[in-house]
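The values are calculated or read from the model by the stated rules, or taken from the named source; none is laboratory data. Worth saying up front: this structure is predicted, and the values here are computed from it rather than measured. Positions of Cβ are backbone-derived with ideal geometry, glycine not excepted, and every protein chain shown enters the neighbour counts. Side chains are part of the model used for accessible areas, which takes the heavy atoms of the whole protein and leaves out ligands, DNA and RNA. Shrake-Rupley method; radii C 1.70, N 1.55, O 1.52, S 1.80 Å.
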Amino acid sequence: MTYTLTTPLYYVNDRAHLGSTYTTLACDSIARFRRLQGERVTFITGCDEHGLKIQRSAEAAGLTPQAHCDAISGEYRDLWRRWGISNDRFIRTTDPRHRAIVEQFFARVEASGDVIEGRQQGWYCVACEEFKEESPSATEPHCSIHLRPLEWRDELNLFFRLSRYQQQIEKLVASEGFIAPRSRRREVENFVAGGLRDFSISRLDLPWGIPVPGYDGHTFYVWFDALLGYLSALLEPDDPADLELLAQRGWPAQLHVIGKDILRFHAVYWPAMLLSAGLPLPEKVFGHGFLTREGQKMGKSLGNVLDPDVLLERCGADAVRWYLLRDIPFGDDGDFQQQRFSDLVNNDLANTIGNLLNRTSSMARRWFDGAVPPAGDASAADHPLALRCTACAEAVDAALEALDFRSAAVAILELAEAANGFLNDRAPWKAIKSEEGRGGVAADLYAVLETSRWVAVLLAPLLPDLSGRMLGQLAQPELVGDSGWTAARHWGKLACGDPLPEPTPVLHRLELDSPL
Ligand code: MSP
């Protein structure tokens with residue numbers, strides 16, 4: 001079985017920002033965790049390229065919509081490569097096979113009797129690409145997310161008969177585990193309890209979209225088309241565009257990770273569309289929180305947007321991943337604070353984790369011919385640090401299974417702290433001074449080096465780069481997927497006498513003397 005997980009498909013109206021980076025990093029960690037456990041994973045990301053918002057941003061850039069989409073989606077693809085994101089697929093909704101999938105899906109929905117014509121009146125937010133609930137008589141309604149004026153619409157469209165799915169969706173959203181975290185469930189339940197209304201799935205006179213077969217002048221509403229990107233993404237490079245194939249390609253998805261603002265689309269509209277088309281439903285939709293910066297909403301007009309490129313260049317992927325995954329409970333809103341960011345990275349990664357490895361391997365090299373010292377008593381599986389390592393591994397597994405990155409990160413940090421504490425208590429720098437102390441020193445250094453190896457191994461899904469560098473310092477191979485984790489999680493894998501490379505710092509301290 002394949003574990004299929006997705007990020008949202010990002011709009012190409014603008015370049016990537018910290019919000020999209022956050023979702024993508026989190027998904028990357030989940031994908032790595034699953035692969036390391038031996039699961040087959042299909043990790044999907046990509047771009048959502050149709051609709052009025054994109055059409056307008058292309059016009060503003062003086063480009064054809066296609067040229068604009070090519071440029072920005074190319075930037076996304078490159079960006080994720082630079083961040084080391086391990087996505088298996090990158091879907092663009094302007095892909096011709098996607099268009100064919102949308103047509104097939106629509107034919108099924110139509111055959112179910114779920115497409116009707118109707119009149120759409122209401123206030124529309126182009127940035128959300130969504131009708132809002134404001135009353136028709138409102139004078140100057142604004143979008144509460146984008147703080148921009150809404151536009152009045154009155155047109156004849158095709159509607160999807162969402163109202164027919166009231167009972168099924170009620171049951172689905174109330175079911176345990178479908179909407180996560182649990183705290184977000186209530187909001188969706190309330191929305192559904194208010195009565196589901198049919199929603200329009202086509203637009204008239206919007207050229208930048210997929211034409212609706214059989215309805216001249218109509219193109220698909222961008223959300224109808226975009227959600228289907230999760231299906232088209234599953235096609236293998238040589239597959240024909242055929243909906244029937246998807247069951248063998250990893251549908252249904254196990255997990256959609258999204259921001260809380262687009263939960264309704266994923267937890268209500270999307271399952272109803274799938275029910276109508278006779279396709280199985282995704283297992284879980286996780287709505288994470290929103291990031292602010294120093295307490296303020298990020299926005300172009302405020303000039304405080306954090307650019308993922310700048311972050312990567314000045315701080316490196318490990319630092320940013322650590323801060324976002326370790327500091328913000330996944331699901332809650334979070335605030336990016338530069339001082340806290342550099343403090344955490346310097347304390348946790350440089351001082352605690354990096355330094356543990358550095359000082360231990362320096363001592364081992366100095367006193368034991370540049371090699372892993374003999375383990376002696378430390379080879380016992382009930383060595384206090386061995387017990388800590390296995391307990392930590394169990395805690396990390398449980399936390400990552402529950403998408404609780406923070407608990408996983410904290411458990412690993414505490415393991416490193418325990419090893420540092422052990423080293424301080426045993427003070428090998430004193431014991432080494434006497435010949436009879438030498439055996440004990442060897443065993444203690446072995447135990448701490450082995451614990452550092454476990455720290456590196458357990459860090460692999462969260463901080464793959466740092467993990468790789470730490471393993472390199474221990475002359476251990478980098479971890480790869482396909483159950484690499486099971487093999488690596490045995491106490492005593494370091495072999496006595498194996499040469500230890502010259503220690504180099506695995507992580508540089510962050511010295512941020514100006515705002516990012
Ligand atoms: N194109 C749609 C998704 C279609 S999925 C079939 C879309 N794209 S988006 O580019 O606008 O948003 C992508 C994601 O970024 C959303 O999950 C959104 O919640 C997230 N974020 C946008 N701003 C954010 C923050 N400030 N903080 C955290 N995430 C935020 O929506």
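Do any strands (runs of 3 or more DSSP E) entirely within region 105-188 hold 3 or more residues that are surrounded by fewer than 14 Cβ atoms within 10 Å (Cβ to Cβ), and if so, which?
Numbers: elements: 115-125, 130-132, 151-160.
Output list reads 115-125, 151-160.
Collect the residues in region 243-301 that are within 11 Å of the ligand (Cβ to nearest atom), part of a helix (DSSP H, G or I) and open to solvent by 60 Å² or more (accessible area, probe 1.4 Å), keeping them in residue-number order.
260, 261
Within region 337-354, which residues are buried (at least 21 other Cβ atoms within 10 Å of the Cβ) and either within 14 Å of the ligand (Cβ to nearest atom) or of a type in the set (Val, Ile, Thr) (or both)? Before the answer, list the steps.
Residues of region 337-354 that are buried (at least 21 other Cβ atoms within 10 Å of the Cβ), as a first pass: 341, 345, 348-349, 353-354.
Across region 337-354, the qualifying residues are 345, 353.
Go through region 189-200 and report how many residues are in a loop (DSSP other than H, G, I, E, B) and under 31 Å from the mean Cα position of the chain (by Cα).
The first filter runs over region 189-200 and keeps only residues in a loop (DSSP other than H, G, I, E, B), leaving 194-198.
Remaining after also requiring under 31 Å from the mean Cα position of the chain (by Cα): 196.
Qualifying residue count for the region: 1.
Sort out which residues of region 93-152 are more than 18 Å from residue 199 (Cα to Cα) and among the polar types (S, T, N, Q), and write them in order of number.
Correct list: 93, 94, 104, 137, 139, 144.
How many of the residues making up region 1-40 are more than 15 Å from the ligand (Cβ to nearest atom), open to solvent by 10 Å² or more (accessible area, probe 1.4 Å) and either of a type in the set (D, E, K, R) or under 13 Å from the mean Cα position of the chain (by Cα) (or both)?
The number of residues fulfilling the criteria is 5.
Among the residues in region 324-336, are any touching a helix residue (DSSP H, G or I) at 6+ places or on another chain (Cβ under 6 Å), in a helix (DSSP H, G or I), of a type in the set (A, V, I, L, M, F, W, C) and open to solvent by less than 40 Å² (accessible area, probe 1.4 Å)?
Yes: region 324-336 contains one or more residues that are touching a helix residue (DSSP H, G or I) at 6+ places or on another chain (Cβ under 6 Å), in a helix (DSSP H, G or I), of a type in the set (A, V, I, L, M, F, W, C) and open to solvent by less than 40 Å² (accessible area, probe 1.4 Å).
To keep it simple, each residue is scored yes or no on (1) closer than 22 Å to residue 392 by Cα; (2) at pLDDT below 90; (3) under 22 Å from the mean Cα position of the chain (by Cα); (4) crowded, with 19+ Cβ neighbours inside 10 Å.
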{"site": "456", "(1), (2), (3), (4)": "yes, no, yes, yes"}
{"site": "467", "(1), (2), (3), (4)": "yes, no, yes, yes"}
{"site": "475", "(1), (2), (3), (4)": "no, no, no, no"}
{"site": "481", "(1), (2), (3), (4)": "yes, yes, yes, yes"}
{"site": "485", "(1), (2), (3), (4)": "yes, no, yes, yes"}
{"site": "491", "(1), (2), (3), (4)": "yes, no, no, yes"}
{"site": "497", "(1), (2), (3), (4)": "no, no, no, no"}
{"site": "503", "(1), (2), (3), (4)": "no, yes, no, no"}
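Considering region 64-77 alone, what residues qualify as being over 18 Å from residue 90 (Cβ atoms) and open to solvent by less than 80 Å² (accessible area, probe 1.4 Å)? Write out each step before concluding.
Our first condition is that a residue be over 18 Å from residue 90 (Cβ atoms); within region 64-77, this holds for 64-65, 67.
Listed by number, the residues that qualify are 65, 67.
Taking the options 320, 305, 310, name whichever one is closer than 30 Å to residue 185 by Cα, outside the structural domain of residue 460 (by TED's automatic domain parsing), in contact (Cβ under 8 Å) with a residue 60 or more places away in the chain and open to solvent by 20 Å² or more (accessible area, probe 1.4 Å). Walk me through it before giving the result.
Values: 320 fails: open to solvent by 20 Å² or more (accessible area, probe 1.4 Å); 310 fails: closer than 30 Å to residue 185 by Cα.
From the options 320, 305, 310, the qualifying one is 305.
Residue 444 passes all but one of (1) at pLDDT 90 or above; (2) more than 30 Å from residue 306 (Cα to Cα); (3) surrounded by fewer than 21 Cβ atoms within 10 Å (Cβ to Cβ); (4) touching a helix residue (DSSP H, G or I) at 6+ places or on another chain (Cβ under 6 Å); which number fails?
Here residue 444 clears every test but (3).
Residue pairs, Cβ under 9 Å, 6 or more apart or interchain, first in region 393-410 and closer than 24 Å to residue 450 by Cα, second among the basic types (Lys, Arg). List them.
These pairs meet every condition: 393/489; 399/406; 400/34; 405/326; 406/326; 408/326; 409/326; 410/326.
Considering only residues of region 41-60 that are outside any helix (DSSP H, G or I) and more than 12 Å from the ligand (Cβ to nearest atom), which is least open to solvent (accessible area, probe 1.4 Å)?
43
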